[in-house]
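Down below is the structure, laid out as structure tokens.
The values are calculated or read from the model by the stated rules, or taken from the named source; none is laboratory data. Here the structure is a predicted model, which means the values were calculated and not measured. Because the Cβ atoms are built from the backbone with ideal geometry, glycine has one as well, and the counts that use them run over all protein chains shown. For the accessible areas, the whole protein counts, side chains as well, though only heavy atoms, and no ligand, DNA or RNA atoms are used. Shrake-Rupley method; radii C 1.70, N 1.55, O 1.52, S 1.80 Å.
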Amino acid sequence: MTRALPLLSLCALLPIGGCGEPDLEVKGTLDRVIGETVTLNLEQGENGFSGEIELIDAGAHRFNAAALKANKADERKLSFVVPSGATPGKATARVERKDGDPFRVPLDVNRLVLALDDQGAIEVLPLSPASIPTGAIGGIDALGGQISLSASGGELAVLAQDQLTLLALGATPKPVAPAIAQSGKAIVALPGGVLVCSDTALTFVSFQGGTTSQISTTLSGCKALAADRSGAKAAVLSTCDSDKDTTNEDCLTIYDIGTSITQVTNPPISLDTNPSASHVAMRPDGKAVVVADSDAVYGVWLDVTGVPNPDAEKWSQAASVVGIAMAPLGQGEIFAVADATSKQVVLYGFDKTDFKPFIGGAVALTEAPTALAFGAGTRLYVAAGTAIYTFDATQPDAPTAAGVSAASAVSTLAVQP
Amino acid sequence: MKVSRSLTLLSVLLPGLLEPTAAAQEIAVIPAGSGPGLGPTAAVGRAIVKIANKGRRRRAKLVYVLPDLPAENPRLGRKAGKLMSAAARAFQMMEYGKAVELAEKAEKIYKDVAKSGKLEGYVESQHLIAASAFFDGQMARAKGAMNDAYLADPRPPPAKRFSPQVQDLYNQVVSEPPAHGAVRLGSAPPGALVWFHHKLVGPAAGTIRLRAGLYLVRAYLPGHGVYQRWFRVQAHKTRDLMIPLKQDKTAEAETMVQLRAESAEAEPGATLNQVALNVGASQVILLTSGDNCTPQQCRINMGWTKEAKWHRMGQAVYQPGGARRAALALVGRKRPTVARRTNRQTENPLAPIVPPGARACSLDSDCGFREQCIRGQCGSVTPFYQKWWFWTLIGVGVAGATVGIVLPLTRPDAPVISVE
């Protein structure tokens with residue numbers, strides 16, 4: 001009897017295993033990038049989506065429906081966004097059904113480095129492990145232009161040849177709406193649009209719904225532009241004469257972006273009388289702005305009543321700042337300044353309403369940096385010519401090669417979070 | 001007085017072996033070497049037992065009388081008894097989980113009690129655990145407990161207390177081919193004798209194979225205290241058992257001293273005959289060590305009793321690794337052939353005995369249709385189509401083929417998701 005048991009149990013199990021629901025067939029583009037919207041269509045099969053979804057990335061991190069900004073159009077159509085912070089590599093979208101076992105949709109997640117080089121090409125450099133090839137965004141000549149990556153990492157704004165384009169990133173980047181004619185000195189990609197400043201105006205161009213619309217306000221002498229993560233506040237670095245003494249100064253003006261653009265600091269905040277500043281960055285929560293010029297780094301705390309009081313950190317020697325990068329919100333509120341003269345990347349952190357250099361927070365490079373950007377978390381990427389290095393900004397140490405390199409010298413760098 | 005006390009103790013240690021059997025054909029092999037001679041006599045004794053038992057029937061066993069074990073703490077026994085009563089009540093109320101829990105608590109106490117020589121409580125608790133687990137659907141646990149009980153006492157659970165289903169469980173455990181494990185033995189200092197439950201396995205050296213399960217291990221070396229611990233032999237695994245002995249002034253059992261003294265006498269003495277009677281042996285092979293014996297070289301003296309007289313005396317030199325050679329020198333170098341063994345059964349007491357009704361053989365051709373010569377006896381051969389695995393394979397094949405045919409006809413369409 002006991003010897004018959006294995007036989008009986010085996011015979012009983014076989015039909016159960018064999019008669020279950022057949023395997024899921026998945027078709028379409030499975031190579032996706034951070035910030036990209038993925039839409040799942042249940043073309044065949046019973047029991048549609050319940051709306052619950054979970055993404056398990058290559059590092060076994062789990063992202064729930066809220067983190068994925070999941071949107072269930074109907075029982076057979078569900079979309080979600082590949083979340084920032086996801087580990088590149090094999091991932092599985094676990095999609096719950098109304099009845100039955102969940103669907104498991106395999107995906108390959110890629111994190112892109114986007115580099116505007118001195119030849120005007122926007123190079124697409126997926127970080128390892130990558131399932132999409134290295135290449136360049138075709139059809140855009142961005143020579144002398146600018147690029148800006150949105151906070152979610154899913155959209156890239158490009159201003160070049162007096163044309164403004166917003167691209168949805170993916171294995172093949174596509175414009176979200178037709179390009180518009182727009183000139184400017186600096187751009188920032190915001191949720192749903194692009195903020196552009198020129199010699200005469202500050203303009204927000206909305207690209208929502210596949211069409212474009214604009215709001216703007218006048219200004220003069222824009223040199224650089226920054227905004228917070230939500231796109232509600234912007235900082236413009238310009239040259240102005242705030243006290244009407246006929247001497248130009250480095251000026252910082254804060255604007256609220258809403259249904260209209262409102263100047264918050266009037267007159268502008270005067271930083272110094274040597275108008276050499278060229279770069280500005282804003283904390284993701286909009287509470288502070290940093291400005292770098294040739295002799296000092298300025299921190300301006302905005303979360304106080306009254307006139308902001310700039311706090312300056314002097315450079316030990318003259319600097320040629322090539323960029324400021326601000327770590328994503330919640331990552332220690334760190335920012336980094338790349339200086340071509342000293343071939344250093346200097347790291348700063350905010351201390352309440354003050355800001356201070358990191359102890360030992362300067363990373364030396366063997367060649368002059370040309371651009372820098374934060375990727376996921378506190379991982380900082382620095383371009384020096386065609387080489388791209390990386391290190392953790394909270395533990396500044398010798399930089400290592402990022403595993404990708406540009407075809408030509410990089411002038412602007414962006415890395416998906 | 002001391003002799004009788006030691007023999008009483010032996011009766012406790014060797015339950016079931018005391019009753020002199022009518023057909024007492026067994027041989028007690030007693031390693032009685034003194035000091036460093038104990039290990040060599042035990043090694044040679046083990047080899048003699050191995051030679052004697054090289055048939056289907058077990059005829060010889062090692063025997064050694066231990067000194068007194070620690071006295072039982074009656075308080076522990078009472079506490080365990082109360083737990084067992086509560087477990088039995090839970091069993092009657094069909095609260096099998098609770099019964100297992102209580103019986104396990106009792107078992108823990110009985111394990112301590114067993115170190116004073118009484119295994120009955122332990123066996124009883126294992127029977128109750130097995131029965132409760134069986135009715136609770138925990139088959140593996142039930143079999144494990146029944147197996148552990150069987151190792152300590154091969155008798156079935158009392159029929160008055162346990163239902164036929166529990167008796168069936170016992171029969172199942174006993175009839176199934178047992179899993180074995182190995183134990184690599186050692187002692188510090190070397191030369192100790194080792195028991196697994198009541199069975200003396202020989203000196204603590206080398207590797208032995210045993211039926212898997214839980215054993216009460218005892219070890220003894222004169223001049224040291226009796227070492228006791230519970231030890232589980234794991235199926236298909238080899239475990240190390242290094243026995244640390246503590247020096248102790250506990251005297252060697254008087255019986256062993258007497259046996260050594262009687263080995264030099266013209267006739268086997270009263271102690272030797274009493275030991276033979278108590279262990280149900282018709283013959284005793286008493287092994288003593290000569291002077292200047294060391295674990296590296298030892299002269300072994302053998303006195304072999306039969307019908308209360310010295311049947312054979314012998315001497316051999318033992319050296320490490322040469323126990324079998326010494327054993328053969330003592331009890332006979334040539335192993336008789338099967339035919340001769342059958343004919344000369346009365347002449348050579350070590351010759352395996354063919355049970356009545358069995359036919360002796362030396363080749364398969366000596367046996368009949370569908371029979372094989374197995375260990376000198378003709379036995380039937382089960383054809384492959386009467387093996388369980390054959391029908392399992394047939395069943396799996398049929399089920400697989402059925403699924404292969406039916407599945408494509410009944411399977412719903414595979415779900416399809418397009419990713420955009």
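Summary of computed values
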| quantity | calculated |
| --- | --- |
| Compactness of the stretch B:74-175, expressed as Rg and Dmax over alpha-carbon positions, Å | 12.4, 38 |
| Cut-off under 5 Å, modelled amide H: who pairs with A:T370 long-range | A:A383, A:A384, A:G385 |
| Sequence of B:K115, A:K98, B:K82 when ordered by accessible area, the most exposed leading, probe 1.4 angstrom | B:K82, A:K98, B:K115 |
| For A:R76, residues with placed amide H under 5 Å, excluding near neighbours | A:F49 |
| With all protein chains modelled, accessible area of B:M139 [1.4 Å, Å²] | 70 |
| Computed [θ] at 222 nm, deg cm²/dmol, chain A (DSSP H ≥ 4; -39,500 (n - 2.57); rounded to nearest 500) | -1500 deg cm²/dmol |
| Relative contact order of the stretch B:74-175, defined on C-alpha pairs under 8 angstrom at six or more residues apart (%) | 21 |
| Set of lysines near B:K105 by C-alpha distance (under 21 Å), chain-local residues within fewer than 8 positions excluded | B:K79, B:K82, B:K115, B:K118, B:K143 |
| The stretch B:180-244, Cα convex hull volume normalised per residue, Å³ | 66 |
| The stretch B:78-130, relative contact order in percent, only Cα pairs under 8 angstrom and at least six apart counted | 36 |
| GNM result for chain A, Cα springs below 10 Å: residue of A:V291, A:V95, A:V322 fluctuating most strongly | A:V95 |
| Calculated FRET value between A:S50 and B:K246, using beta carbons and R₀ = 60 Å, to 0.05 | 0.30 |
| Nearest-10 value in Å² for the accessible area of B:K387, using the 1.4 Å probe | 80 |
| Local electrostatic count at A:A407 - Lys and Arg +1, Asp and Glu -1, tallied over other residues with Cβ under 10 Å | -2 |
| Whole-Hz ³J(HN,Hα) from phi, Karplus 6.51 cos²θ - 1.76 cosθ + 1.60, for the stretch A:367-375, glycine and proline x | 9, 5, x, 10, 6, 8, 6, 7, x |
| Beta bridge orientation in the protein assembly as shown: antiparallel %, DSSP, nearest 5 | 90 |
| Relative contact order (%) - criterion: Cα under 8 Å, at least six apart; region: chain A | 10 |
| Amide H contacts of A:A362 (H built 1.01 Å from N, under 5 Å, at least 5 apart or other chain) | A:L347 |
| Vicinal HN-Hα couplings computed from phi for the stretch A:266-277 (Karplus, 6.51 cos²θ - 1.76 cosθ + 1.60; Hz; Gly/Pro x) | 9, x, x, 7, 8, 9, 7, 9, 10, x, 10, 5 |
| Shape call, the stretch A:159-209: gyration tensor on alpha carbons, a/c limit 1.5 | prolate |
| Rounded, prolate or oblate (a/c below 1.5 giving rounded, otherwise prolate when a/b exceeds b/c) for chain A by Cα gyration tensor | prolate |
| Karplus 3J(HN,Hα) series, Hz, for the stretch B:178-191 with 6.51 cos²θ - 1.76 cosθ + 1.60 (x for Gly, Pro) | x, 7, 10, x, 10, 10, 8, 9, x, 9, 10, x, x, x |
| Among A:L24, A:L169, A:L365: highest mean-square fluctuation, GNM of chain A, C-alpha pairs under 10 Å | A:L24 |
| Carbon and sulfur %, accessible surface of the protein assembly as shown computed with the full protein complex present, 1.4 Å | 52 |
| Nearest-10 value in Å² for the accessible area of B:E26, using the 1.4 Å probe | 60 |
| Partner chain coverage, peptide A:26-33 - average Cβ within 10 angstrom | 2 |
| Cα pair count fraction exceeding 53 Å, expressed as % - the protein assembly as shown | 51 |
| Contour excess over end-to-end distance, with Cα ends at B:R229 and B:S85 and 0.36 nm allotted per residue | 49.2 nm |
| Global form of the stretch B:37-98, assessed from the alpha-carbon gyration tensor, a/c cut-off 1.5 | oblate |
| Under 20 Å from B:K54, Cα to Cα: lysines that are on another chain or at least 8 residues apart | B:K199, B:K334 |
| Degrees separating the helix A:4-19 axis from the principal Cα axis of chain A, which is the longest one | 50 |
| Most fluctuating residue given options A:R97, A:R111, A:R229, as computed from a GNM of chain A linking Cα atoms under 10 Å | A:R97 |
| Coarse-grained scattering of the stretch B:133-228 at q = 0.12, 0.24 Å⁻¹, given as base-10 log I(q)/I(0) from a Debye sum over alpha-carbon atoms | -0.49, -1.19 |
